[in-house]
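Quick notes on the structure that follows.
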Amino acid sequence: MSNPQTVPCQYRTGKTLGSGTYAIVKEAVHVKTGEYFACKVINKKLMEGREHMVRNEIAVLKKVSRGNKNIVTLHDYFETAHNLYLVFDLCTGGELFDRICAKGYYYEPDASALIHTIMSAVEYIHDCGIVHRDLKPENLLFRSRAEDADIMIADFGLSRIMESEQLTMLTEVCGTPGYMAPEIFRKLGHSKPVDIWAMGVITYFLLGGYTPFDRDSPQEEANAICAGDYKFEPAEYWVNVSATAKDFIRKCLTIDQAKRPTAKQCLAHPWLADKRAHFVPDPQSAIGTPIDLLPHVRQNFDARKTFRKAIHSILAVRRMATLTSSDELRAKINGYKDEAEREEVENVWAQKDHSNDDYPGAHAGSLKKDAKSPHK
């Protein structure tokens, strides 16, 4: 087994772009080429005992990177004395919903085209033996601000490689609550169908501006998901959405995962497959153009965002009344993330392990460099 290669770091990190549960994301530029990337920075202390999570994310991305233009590419990975670094495409076009709102108008065929593109990428992921497990609008990013920019599926931190088609292979509870399938909450075991459920929730969100199981508390939301308790209401909003789109959502939100359609079957649904676009014609249009959904979608989104902000403020006040172990853990995690953010990599040494290319991170304590990386 070879030792990790220690070389001068080839990147210079810049501004912080965002923050997740265990990592921060910074802008990075490759010193020699001048090419810009997004760099996921993970403090090693934070990942003690969780190294498998990083190895898993790299293994997943090695299987799907460069195979589909709508999936974010892992270009490089390395470690320094303090942090782990994963180098991805820099997507500068913003999140899905922000892009929709900025456009100024939004029709049902626009939503259908977006869902078709994303579902095609999901089909590719599934064909590679991967389940994403955290599909949501926040993880759908545009590559650039260009009008025809590709939309990208990002954040494979919760993804898993499926070694069989067994539906009950995975058992841990994970994901973003509003987008999680019933079988996850029920701990029945889950697999690729959870991504189809999430796509149903995303479609509902894109057409209505809020999620179908949105409730006043996490427990009520979980109960609604397990019961499949949702409606196309308020009626005055959903009357502008075609029956075909609603049928597509219903199919994706099938409670029994064994009866839920596959990505391939979803792509054959009339809402995605028909050459003739499905929509409710604008009664004020002489030529039968689609109704602009943006006013209602944005209104619902803004209303729910304001409501959630008020609820979170109340919960924050309650939490401050008693310092709990979870608060202490959160403070510890935030401290580690702050440490990760402060490191400047341009003048430090990085380790890149070239051994055992089929198993990322096989060398104790290090992440190896992909031998196929263009930045070797």
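Structural remarks
- Single condition residue 297 does not satisfy, out of (1) outside the structural domain of residue 240 (by TED's automatic domain parsing); (2) at pLDDT 80 or above: (1)
- Applying the criterion of at least 3 residues that are in contact (Cβ under 8 Å) with a residue 60 or more places away in the chain to the helices (runs of 4 or more DSSP H) found wholly in segment 192-289 leaves 193-208, 263-267.
- Residue selected from segment 215-240 under the condition among the aliphatic types (A, V, I, L, M) and farther than 20 Å from residue 112 by Cβ, by the criterion surrounded by the fewest Cβ atoms within 10 Å (Cβ to Cβ): 235
- When 112, 144 are checked against the criterion of being touching a residue at least 12 places away in the same chain (Cβ under 8 Å), crowded, with 18+ Cβ neighbours inside 10 Å and more than 15 Å from the chain's Cα centre (by Cα), a single residue qualifies: 112.
- When residues in segment 61-96 are screened for being free of Cβ contacts under 8 Å to residues at least 60 places away in the same chain and among the β-branched types (Val, Ile, Thr), 2 of them pass.
- Of all residue pairs spaced 6 or more apart or on separate chains, those with beta-carbon atoms under 8 Å, a first member in segment 37-60 that is assigned by TED's automatic domain parsing to the domain that holds residue 83 and under 14 Å from residue 25 (Cβ atoms) and a second member that is outside any strand (DSSP E or B) and hydroxyl-bearing (Ser, Thr, Tyr) are 42/22; 43/336; 57/159.
- Going through (1) in contact with a His (Cβ under 7 Å, 6 or more places away or on another chain); (2) in a helix (DSSP H, G or I) one by one, residue 156 falls short only on (2).
- Single match in 14, 49 (criterion: on the phi > 0 side of the Ramachandran plot and either among the small types (Gly, Ala, Ser) or modelled with pLDDT of 80 or more (or both)): 49
- Restricting 133, 99 to residues that are among the basic types (Lys, Arg) and without any contact (Cβ under 8 Å) to a residue 60 or more places away in the chain narrows the list to 99.
- Each residue in segment 41-79 was checked for being within 18 Å of residue 118 (Cβ to Cβ) and among the polar types (S, T, N, Q), and 4 of them qualify.
- Against the criterion of being surrounded by 19 or more Cβ atoms within 10 Å (Cβ to Cβ), over 26 Å from residue 50 (Cβ atoms) and assigned by TED's automatic domain parsing to the domain that holds residue 35, residue 83 does not qualify.
- Test result for residue 69, over 30 Å from residue 291 (Cβ atoms), surrounded by fewer than 19 Cβ atoms within 10 Å (Cβ to Cβ) and either in the same structural domain as residue 149 (by TED's automatic domain parsing) or among the charged types (D, E, K, R) (or both): yes
- Within segment 241-279, the set of residues being surrounded by 20 or more Cβ atoms within 10 Å (Cβ to Cβ) and farther than 13 Å from residue 112 by Cβ comprises 252, 253, 257, 260, 263.
The values are calculated or read from the model by the stated rules, or taken from the named source; none is laboratory data. Because the structure is a prediction, the values reported are computed rather than measured. Every residue, glycine among them, receives a Cβ derived from its backbone with ideal geometry; neighbour counts consider all protein chains shown.
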